[in-house]
Structure formats: structure tokens, C-alpha cells
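**Q** Let me begin by handing over the structure; questions about it come next.
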Amino acid sequence: MISASHKNQALFNEISNLTTEQRNPASMEIDAKSTEEIVRIINDEDKLIAFAVEKEIPYIRDAVDVIVSAIKNGGRLLYFGAGTSGRLGVVDASECPPTFGTPFGLIEGYIAGGKEAMFRAQEGAEDYEEIGAKDVLAAKVSRLDVVCGIAASRRTPYVVGAVKKAKEIGAHTLYVTTNPRENFDIKEVDIAICPYVGPEVIMGSTRMKSGTAQKLVLNMLTTAAMVRLGKVYENMMIDLQMTNKKLVERSKRIVMTITGISYDEAGSWLEKAGGHVKTALVMIKAGVTKEEAQKRLDLADGFVRKAIELKNT
């Protein structure tokens with residue numbers, strides 16, 4: 001039987017070898033620097049992040065295609081993470097309904113420790129694979145879904161357990177980590193996305209470069225997927241929900257910008273379209289009724305550009 005001391009030593013060794021737990025030569029004397037020097041060191045390190053993400057574009061592309069295919073076939077995108085990584089997943093998921101008009105539940109984020117962990121760290125919640133597996137089962141993950149684990153260290157037990165269980169179920173699996181690909185030891189995952197950002201400015205503070213890299217990746221996953229699902233016309237989000245005054249006014253501006261009509265006319269067309277921006281755009285640009293616009297959108301798989309170009313049904 002392995003003693004607790006030996007287990008702790010093994011964990012210590014594992015963590016000590018992670019890139020995210022190394023010391024950064026560029027910030028060795030940061031404690032002796034002026035305020036401006038400190039923020040310049042941080043900024044210089046942050047400049048490396050986008051280039052690290054760029055190297056992962058082939059894997060991000062493949063992940064987006066998997067997500068799009070899954071959603072088209074009735075599946076969901078589910079994030080599982082702990083700490084900063086978990087919060088980033090929850091934030092990305094929560095912003096999709098108001099931004100892209102996705103139904104609640106289509107994209108969801110799960111964090112070790114539950115909702116309370118969004119606001120206050122739940123110590124120890126990430127330490128058990130079985131908790132991650134349990135949350136996957138509670139989410140009723142199926143073969144149609146995509147489960148994306150997010151962990152800067154790649155070794156977080158909660159995330160590992162969630163991805164393993166999802167793989168057992170037959171779901172598509174993704175993993176986002178900021179440790180090098182060659183160190184990736186979770187073999188049962190379909191696509192690993194591994195932007196290598198190097199050691200943090202403050203050793204082990206993965207809310208910094210690692211968190212920023214993960215945020216960039218998640219932005220790309222959901223934004224590119226939504227574009228491929230017809231949620232964008234030109235470079236404007238046209239499937240937003242008019243759930244507050246800001247979004248009502250943004251909807252009017254989108255319609256005005258695309259069609260060239262006035263503020264009052266935009267409000268009138270949106271009212272005729274039942275508050276649905278895509279329907280209003282097709283009605284105006286194609287000169288058709290609400291019913292015809294909706295038929296065209298159905299035939300065009302939700303793409304406004306294609307719906308406008310269709311002949312009357």
C-alpha cells in the first residue's frame with residue numbers, strides 16, 4: 001500500500017515538472033521594480049500569447065468543425081474546468097445566448113465546486129476525478145455532445161475525470177491546456193489544444209498568461225462555430241436576443257447598418273418580424289413577407305446571405 005507521504009511526494013514531483021509551475025527568467029526581480037516596470041514586464045509576456053495560440057489553429061479548426069457538426073445533429077458543447085479555467089468556460093457559455101441567440105443549455109460550463117466556485121474558491125473541489133465524472137453524468141452527456149476539458153496544468157483531476165467519463169460514454173472530447181503538447185498524457189481525447197505560453201510572470205499564477213490564452217481559444221471555438229452555423233451576417237451578430245434595452249438598440253443599429261433604413265423604420269421592421277433580426281433583414285433585403293422570410297431562412301439553414309439570394313418559395 002502506498003503511504004500518504006509517497007502520494008504527496010508524487011504529486012509534488014508532478015506539479016513541479018509542469019511548465020506553468022516554472023520560474024520565468026524575465027520576472028526574477030519583479031519585486032524590486034517600479035510600478036511601470038512591473039506592468040511592462042507583464043505586458044511583454046502577454047505579447048507572446050497570441051503567437052502561441054496561432055500555432056494551435058489547425059487543432060482549433062478541427063475542434064470548431066466537431067462542435068458545428070455536433071450542434072447540427074442535436075448535440076451540445078459542455079465545458080468542464082476548475083478555478084480560473086472553469087470560470088472561463090462558464091463565462092463563455094453564458095455569453096452565447098444573448099450574443100448569438102443560442103438556446104440555454106446548448107452551450108454550458110461546469111466548474112469544480114459548483115456555482116459557488118464562480119465567486120469564491122472551493123478548496124479541494126478539483127482534487128477528485130470521480131467528482132468530474134459525476135458532473136458529466138448529472139449533465140446527461142450523450143454520444144451527440146462535445147465535452148471540452150479546460151485545465152492550464154492538463155492534470156487537474158476533476159477535469160481529467162470529466163473527460164474520461166465523457167469518452168467512455170462516446171461523446172466527442174476536446175482539451176485546452178497551456179502545457180506543451182508533448183507533455184499531454186490524457187490519451188483518450190479526440191483533440192488537444194495546447195498553446196504553450198511558457199512560465200507565468202508570477203510562478204504558478206495561471207490566471208495570467210494561461211488564462212488569457214484559454215480565453216482566446218474559447219472565443220475562437222464558439223465564435224467560429226456560430227459563424228459556421230449562420231449566426232453572423234457579414235461581420236455582424238444577427239441572431240442576438242432583444243432581452244434588454246441595449247440589445248434592442250443594437251438590433252436596430254444592425255438593421256440600419258445593413259439595409260440603410262432609418263431608426264424609426266428599423267424599429268417598425270423589427271416589430272413586424274416579431275423582434276427577430278434575421279427575419280427582418282431578409283424581409284427588407286429580399287422584399288418579402290415575414291412568412292416568406294422565415295421559409296427562406298429554414299431552407300438556407302439559417303444563413304441570411306443565402307436566404308436573401310433564394311427565389312420565392
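The values are calculated or read from the model by the stated rules, or taken from the named source; none is laboratory data. Just so you know, these numbers come straight off a predicted model, no measurement behind them. A quick note on method: Cβ atoms are made from the backbone with ideal geometry, for glycine too, and the neighbour counts reach across all protein chains shown.
**Q** Tell me, which residue of the stretch 128-162 that is assigned to a helix (DSSP H, G or I) and among the acidic types (D, E) is surrounded by the fewest Cβ atoms within 10 Å (Cβ to Cβ)? Step through it out loud before you land on a result.
**A** Filtering the stretch 128-162 down to residues assigned to a helix (DSSP H, G or I) leaves 129-138, 157-162.
Right, trim to among the acidic types (D, E) and you get 129-130, 135.
Details: E129: 18, E130: 11, D135: 20.
Among residues in the stretch 128-162 that are assigned to a helix (DSSP H, G or I) and among the acidic types (D, E), the one surrounded by the fewest Cβ atoms within 10 Å (Cβ to Cβ) is E130.
**Q** Could you tell me whether any residue of the stretch 164-178 is out of contact with any helix residue (DSSP H, G or I) (no Cβ under 7 Å at 6 or more places or on another chain), β-branched (V, I, T), closer than 22 Å to A125 by Cα and in a helix (DSSP H, G or I)?
**A** Within the stretch 164-178, none of the residues are out of contact with any helix residue (DSSP H, G or I) (no Cβ under 7 Å at 6 or more places or on another chain), β-branched (V, I, T), closer than 22 Å to A125 by Cα and in a helix (DSSP H, G or I).
**Q** Please state which one of K295, K285 is within 24 Å of N73 (Cβ to Cβ) and in a helix (DSSP H, G or I).
**A** On inspection, the qualifying residue turns out to be K295.
**Q** Can I ask one more? Evaluate the stretch 41-58: report whether one residue or more is surrounded by 15 or more Cβ atoms within 10 Å (Cβ to Cβ), modelled with pLDDT of 95 or more, on the phi < 0 side of the Ramachandran plot and out of contact with any helix residue (DSSP H, G or I) (no Cβ under 9 Å at 6 or more places or on another chain).
**A** no
**Q** Moving on to the next point. Only one of D264, D239 is acidic (D, E), outside the structural domain of V90 (by TED's automatic domain parsing) and crowded, with 16+ Cβ neighbours inside 10 Å; which? Give the derivation first.
**A** Working: D264 fails: crowded, with 16+ Cβ neighbours inside 10 Å.
After applying the criteria, what remains is D239.
**Q** While we're here: Return yes when A117 is in contact with a strand residue (DSSP E or B) (Cβ under 6 Å, 6 or more places away or on another chain), more than 23 Å from V66 (Cα to Cα) and part of a helix (DSSP H, G or I) and no when it is not. Break it down stepwise before answering.
**A** Working: in contact with a strand residue (DSSP E or B) (Cβ under 6 Å, 6 or more places away or on another chain): yes; more than 23 Å from V66 (Cα to Cα): yes; part of a helix (DSSP H, G or I): yes.
Spelling it out, A117 is indeed in contact with a strand residue (DSSP E or B) (Cβ under 6 Å, 6 or more places away or on another chain), more than 23 Å from V66 (Cα to Cα) and part of a helix (DSSP H, G or I).
**Q** Looking at the stretch 107-121, which of the residues that are of a type in the set (G, A, S) and over 13 Å from the mean Cα position of the chain (by Cα) is farthest from K72 (Cα to Cα)? First the steps, then the outcome.
**A** Of the residues in the stretch 107-121, the ones of a type in the set (G, A, S) are 109, 112-114, 117, 121.
Narrowing further to those that are over 13 Å from the mean Cα position of the chain (by Cα): 112-114, 117, 121.
Numbers: A112: 29, G113: 31, G114: 29, A117: 32, A121: 36 Å.
So the residue we want is A121.
**Q** Now, a different point. For the stretch 96-127, give me the residue count where each residue is without any contact (Cβ under 8 Å) to a residue 60 or more places away in the chain and either under 23 Å from Y175 (Cβ atoms) or crowded, with 19+ Cβ neighbours inside 10 Å (or both).
**A** Here the count works out to 17.
**Q** Quick one: is G74 at positive phi and within 19 Å of the chain's Cα centre (by Cα)?
**A** Spelling it out, G74 is indeed at positive phi and within 19 Å of the chain's Cα centre (by Cα).
So that you can scan it fast, the table gives a plain yes or no per residue for (1) among the hydrophobic types (A, V, I, L, M, F, W, C); (2) in contact with a Cys (Cβ under 8 Å, 6 or more places away or on another chain); (3) not in a helix (DSSP H, G or I):
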| position | (1), (2), (3) |
| --- | --- |
| R207 | no, no, yes |
| M220 | yes, no, no |
| Q241 | no, no, yes |
| E249 | no, no, no |
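**Q** If you don't mind, another one. Do we have E182 as at pLDDT below 90, assigned to a helix (DSSP H, G or I) and of a type outside the set (K, R) here?
**A** Here the answer is yes, as E182 does meet what is asked.
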